[in-house]
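Everything on this sheet refers to the single structure shown next.
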Amino acid sequence: MASGNNSSTAVTSISLTRPSLPLRGRSFRALVLAPETPLGDWFSHLDALVQRSPTLFSERAVILDVSGLAKDPLRGDAARLETAEPAEDDTDAAAATPDIAGLVDELKQRGIRIMGVEKAEPAWLGPALPPLLSGGRPAEMAPPADVKAPEPVKAPEPPRKPNSLVLENPLRSGQSVYHPEGDVTVMGSVASGAEILAGGSIHIYGALRGRAIAGAGGNPRARICCRKFEPELIGIDGLFRTADTTDPKLRKKAVQVWLEGETLRMAALD
């Protein structure tokens, strides 16, 4: 029988690995709302737009640009956005502070959820408000003047993918087409309640009875052309006109719509 103090002990090695937390960058297209005073009038125009185009803001990122409110108090506005009553020694500062929380709440009640606020002072935003964003640029915008564009590379360009979308069938009520990279051509008609948003121009070979928004990515040269003009809403590069603000003499005619400065122009094609 063997005796002694020698003993064998099994040692188990345990290795703990910290789980990785991957961070990825991703960019999205966003619509920008830029309120202007008087806010009562601005909200009236917004309500009319949403009524004509209920899906315009659906499932889309929306940024709030408050640069138009920087010097204007919102006190006493018809949209019920009021700043708190300032103390006597803070009157000037409070008068220049927009009620961002009230503005975001008014938009939320209209089904428009704001994901970020642009061109605001940090002091204007509380912890319960969307974050302050910076560095945003309009889609398809050229680099700033102080940034030197890189020299073009003299090499054969690869063939570009077609950037136009052709719809062989008419658009029925409730259907929505979003094509941010180019033109949209509809071989048939666009029914009332249907919607087209295009980064380029929109060509409709039938009747336009729904909503058509061209230049949605920031293209002021986009146009809308249709064979029969009966729209609920038209827009180019952020400027909109509803049915009741179009020339009744153009209804049921072949019409083209284009942007001239800050004005939407319409004319018969015949």
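Peptide packing: for 106-115, 233-242, the average count of neighbouring Cβ atoms within 10 Å per residue gives the ranking 233-242, 106-115, highest mean first. If you sort the three axes of the alpha carbon gyration tensor as a ≥ b ≥ c, you get a/c of 1.5 or more for segment 165-268 and a/b no higher than b/c, which makes it oblate. In a fully extended conformation the segment linking R113 and D41 would gain 23.9 nm over its present Cα-Cα distance, using 0.36 nm per residue.
If the chain linking S134 and S164 were pulled fully straight, counting 0.36 nm for each residue of separation and taking away their Cα-Cα distance, it would gain 7.6 nm.
Label-to-label distance, T185 versus E260, with points set 7 angstrom from Cα along the beta-carbon direction: 2.7 nm.
Put a dot 7 Å past the Cα of A267, heading toward its Cβ, do the same for T245, and the two dots end up 2.2 nm apart. Sorted on the mean count of surrounding Cβ atoms within 10 Å across their residues, most packed first, peptides 31-40, 204-213 read 204-213, 31-40.
For R221 and R172, the difference between the fully extended length at 0.36 nm per residue and the C-alpha to C-alpha distance is 14.9 nm.
The numbers here are math on the coordinates, done by the rules we state, and not lab data. In this text the structure is predicted, and so the values were computed from the model without any measurement. Using ideal geometry, Cβ is built from the backbone for each residue, glycine included, and neighbour counts are taken over all protein chains shown.
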